[in-house]
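Here the structure comes first, spelled out in structure tokens, and everything after it is commentary.
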Amino acid sequence: MKYDYVFKLNAVELYRSGQWIETPEGISQKDFRKRIVQWSRIADIYGLDSLRHSTTCKERSAECRYQLVARVLAGESQKSVAISAGIDSGLLSKWVQTYKIKGYEGLNLKKGRKSKKEANVSKKSKPTDLTPSEREELIRLRAETEYLKTENEAIKKINRLETRKMGCGTQGEKAAIIKELREKGYQLKYLLKATGVSKSTYYFEINKSDVVADRNEELLIVIREIFEKNKHRYGVRRIYHELLNRGYHINHKRVQRLMHEAELAGKRPKEKYHSYKGEVGKIADNVINRDFSTTAPLQKWTTDVSQFNFSWGKCYISPVLDMNTNEIISYDLSKSPNLKQIERMLDKAFDKFPSVEGLVFHSDQGWQYMHAYFRNTLKERGIIQSMSRKGNCYDNCIMETFFGRLKNEMYYGYEKDYSSFEEFSKAVEEYIDYYNNKRIQAKTKWMPPVKYRIASMC
């Protein structure tokens, strides 16, 4: 049945608005609606004016059919060619197969005897009088040409892959290449032969890759949740161990690959405050001497002062860190690095742990730690004082590591978020609580410091 341009236009407009035009009598509703969908696709690609063409499949000349078949054999998608021509994809497939077997003459569907003019044109343009053996040879040559074309394309892609990887491609990667080329119109049998992949292996790898993609999608959701919950502070290693803590049995390389693909990267290390002002007091011996090892909590503590710069001014943090658990025992945040800050820090530490006799307390050669108040307070508690060598940050690297981590995770890039000292003070308080009670570490067997201390002292 023929449909005029106005009818097609109305049908397409109703379809795009979510409705169907009434199906004409004597026509299957399913087939009719399928045709409307096809009209809509043609209009999307070539514009509404393309619906004016009323040539049916039967009215197409052999030359017209040959042009469509030639486009498919040249590598165009069969579906796209069919849509552009306004015909059914199955019919075009039939023409392609007919051409491969019978050649050009097979595309001439006109019945009855040809006129002398048509016969002469046909003889001049295409070979029609072929013997069965010649026809078989022609089919063989066409198949061979198609295979060589397929092989060339497949080998190019595999070589590109292996050059990039600097090694052989896996069966899964080859299967992905086959799938990609199939979508471009290449035949599966030729692709399998060219790549040396069996049919069963191809389908197994394709199905497996779909399952793996689904599994990875689920895992990536959990990784994102951990990453966001920890405010982008966790890198691959910490996220991997958090997943283990949650019961996931996976390889760290998989976590690394998924985070890399999703562009999830933890924060990395920047200006340090130097409290050294010359020999303004008594310098203690370097008792620690870079031996940060301990067998239990409350054996070795360390301290230092670090500076933060803001548009509203500077502020300084002075914490006490336990070398066994990496726990921040106490800290003080002040706008000035004065002795009162050190007093407040020590008072908080000794309120938390009153009995620490025999503990080694390490620091650099800052003026605060050479001061008589600091030395006498430690001596009264039975604490052994230790100091780094002059200008040697490695002697107190355990505290430098904490400062780097603190600034990476809540200061660098966030400076403008803290509009006042009070705001920053609250943020530091929240971070120290998070660091002590939630942030997992390798040194503490992937437990938070406080939890590790409690477990160690049971």
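The values are calculated or read from the model by the stated rules, or taken from the named source; none is laboratory data. Just so we're clear, the structure is a prediction, and the values are computed from it rather than from any experiment. Neighbour counts run over all protein chains shown; Cβ positions are idealised from the backbone, glycine included. Note: accessible area is taken over every heavy atom of the protein model, side chains too, but ligands, DNA and RNA are not part of it. Shrake-Rupley method; radii C 1.70, N 1.55, O 1.52, S 1.80 Å.
Residues checked against (1) touching a helix residue (DSSP H, G or I) at 6+ places or on another chain (Cβ under 7 Å); (2) modelled with pLDDT under 95; (3) surrounded by fewer than 21 Cβ atoms within 10 Å (Cβ to Cβ):
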| position | (1), (2), (3) |
| --- | --- |
| Arg290 | yes, yes, yes |
| Ala296 | yes, yes, yes |
| Ser306 | yes, yes, no |
| Ser330 | yes, no, no |
| Val356 | no, yes, yes |
| Ser363 | yes, yes, no |
| Gly366 | no, yes, no |
| His371 | yes, yes, yes |
Tyr276 meets each of (1) hydroxyl-bearing (Ser, Thr, Tyr); (2) outside any helix (DSSP H, G or I); (3) at pLDDT 85 or above with one exception, condition (3)
Of the residues in the stretch 311-328, those that are open to solvent by 10 Å² or more (accessible area, probe 1.4 Å) and either in contact with a helix residue (DSSP H, G or I) (Cβ under 6 Å, 6 or more places away or on another chain) or aliphatic (A, V, I, L, M) (or both) come to Asn326
Since Ile158 meets every condition but one in (1) of a type in the set (Val, Ile, Thr); (2) crowded, with 17+ Cβ neighbours inside 10 Å; (3) over 24 Å from Lys100 (Cβ atoms); (4) at pLDDT 85 or above, which condition does it not meet?
(4)
Looking at (1) modelled with pLDDT of 85 or more; (2) touching a Lys or Arg at 6+ places or on another chain (Cβ under 7 Å); (3) over 25 Å from Thr145 (Cα atoms), which one does His232 not meet, given that it meets all the others?
(1)
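Listed here are the residues, each with its yes/no results for (1) modelled with pLDDT of 75 or more; (2) under 49 Å from the mean Cα position of the chain (by Cα); (3) in a helix (DSSP H, G or I).
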| residue | (1), (2), (3) |
| --- | --- |
| Ile36 | yes, yes, yes |
| Ile45 | no, yes, yes |
| Leu51 | no, yes, yes |
| Gln97 | yes, yes, yes |
| Glu105 | no, no, yes |
| Ala119 | no, no, yes |
Hey, Glu146 open to solvent by 70 Å² or more (accessible area, probe 1.4 Å), at pLDDT 75 or above, assigned to a helix (DSSP H, G or I) and of a type in the set (D, E, K, R) or not:
no
Starting from the stretch 11-33, keep only residues that are polar (S, T, N, Q), then list their pairs with residues that are open to solvent by 60 Å² or more (accessible area, probe 1.4 Å) whose Cβ atoms are within a distance under 6 Å, requiring at least 6 positions of separation or different chains.
Thr23/Gln29
With over 44 Å from the mean Cα position of the chain (by Cα), within 25 Å of Val72 (Cβ to Cβ) and modelled with pLDDT of 80 or more as the only criterion, which of Leu109, Leu181, Leu130, Leu141 stands out?
Leu141
Mind checking which pairs have a first residue in the stretch 214-242 that is over 15 Å from Gln441 (Cβ atoms) and a second that is surrounded by fewer than 15 Cβ atoms within 10 Å (Cβ to Cβ) and hydrophobic (A, V, I, L, M, F, W, C), Cβ under 9 Å, 6 or more apart or different chains?
Leu219/Ile250; Leu220/Ala262; Ile223/Ala262; Arg224/Ala262; Phe227/Ala262; His232/Ala265
Count of the stretch 3-20 residues which are outside any helix (DSSP H, G or I) and under 12 Å from Val37 (Cβ atoms)
1
Quick one: which residue in Asn376, Asn392 is of a type in the set (S, T, N, Q), at pLDDT below 90 and surrounded by fewer than 22 Cβ atoms within 10 Å (Cβ to Cβ)?
Asn392
Residue among Met323, Met370 that alone is in contact with a strand residue (DSSP E or B) (Cβ under 9 Å, 6 or more places away or on another chain), of a type outside the set (Ser, Thr, Tyr) and over 14 Å from Lys300 (Cβ atoms)
Met370
Looking only at the stretch 184-229, and only at residues there that are modelled with pLDDT under 80 and exposed (fewer than 14 other Cβ atoms within 10 Å of the Cβ), the one that is farthest from Ser77 (Cα to Cα)
Arg215
Top-ranked residue in the stretch 211-255 [being among the polar types (S, T, N, Q) and touching a helix residue (DSSP H, G or I) at 6+ places or on another chain (Cβ under 9 Å); ranked as farthest from Arg405 (Cα to Cα)]
Asn216
Can you find a residue that is part of a helix (DSSP H, G or I), touching a Phe, Trp or Tyr at 6+ places or on another chain (Cβ under 9 Å) and open to solvent by 50 Å² or more (accessible area, probe 1.4 Å) anywhere in the stretch 71-85?
yes
What about Thr294, is it part of a loop (DSSP other than H, G, I, E, B) and either more than 30 Å from Ser419 (Cβ to Cβ) or in contact with a strand residue (DSSP E or B) (Cβ under 7 Å, 6 or more places away or on another chain) (or both)?
yes
